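The structure appears right after this line, and notes come after that.
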Amino acid sequence: MRSFRDQTEIAVEVGEIFEVVLGGNFTTGYRWALTERPDAISLVSDEMRASGAAPGSAGTQHFRLVAESGGRFSLVFSYRRPWEDASSDERRIDVHVE
């Protein structure tokens, strides 16, 4: 399984499970949400991991996905608190599935 971090374009193969890794500080209440996902890419899991043992330290959020069919698609992630409407950051990742 390949992991992609801080990339705006990635290429994967049909049937491949891959991981998108986004950094954040989840103790502030913010977390990444996958807000746009095509039917051709399925979400397998979403997991937050702490980077250190100190309280309040930053971490990473790991989105494990699988490419179901070929084509060019976009994934959009929003960094926000679940109880707020506005996001503080947004990431678009273009995915080319071969």
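The table below lists the values:
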quantity	calculated
Solvent-accessible ranking of 35, 8, largest area first, probe 1.4 Å	8, 35
Percentage, to the nearest whole number, of Cα pairs in the range 1-42 over 15 Å apart	56 percent
The chain, accessible surface, carbon-and-sulfur percent (1.4 angstrom probe)	46 percent
Solvent-accessible area per residue, Å², over the chain with all protein chains present [probe radius 1.4 Å]	57 Å²
Student exercise, the chain dipole from Lys, Arg, Asp, Glu Cβ charges, in Debye to nearest 20	340 debye
Relative contact order (%) - the chain, alpha-carbon pairs under 8 angstrom, separation at least six	35 percent
List 32, 83, ordered by accessible area with a 1.4 Å probe, largest first	83, 32
Answer label, with Rg and Dmax of the Cα atoms in Å calculated from the coordinates and candidates (1) 23.1, 81; (2) 13.8, 43; (3) 13.2, 40	(2)
Top of 59, 71, 23 by mean-square fluctuation, Gaussian network on the chain, Cα under 10 Å	71
Of 84, 36, 47, the one that fluctuates the most in a GNM where the chain has Cα springs shorter than 10 Å	84
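The values are calculated or read from the model by the stated rules, or taken from the named source; none is laboratory data. Since the model is a prediction, treat every value here as computed from it, not as a measurement. Neighbour counts are summed over all protein chains in view; Cβ atoms, including those assigned to glycine, are modelled from backbone coordinates with ideal geometry. Ligands, DNA and RNA are stripped out before the accessible areas are found, and what is left, the full protein with its side chains, is counted by its heavy atoms. Shrake-Rupley method; radii C 1.70, N 1.55, O 1.52, S 1.80 Å.
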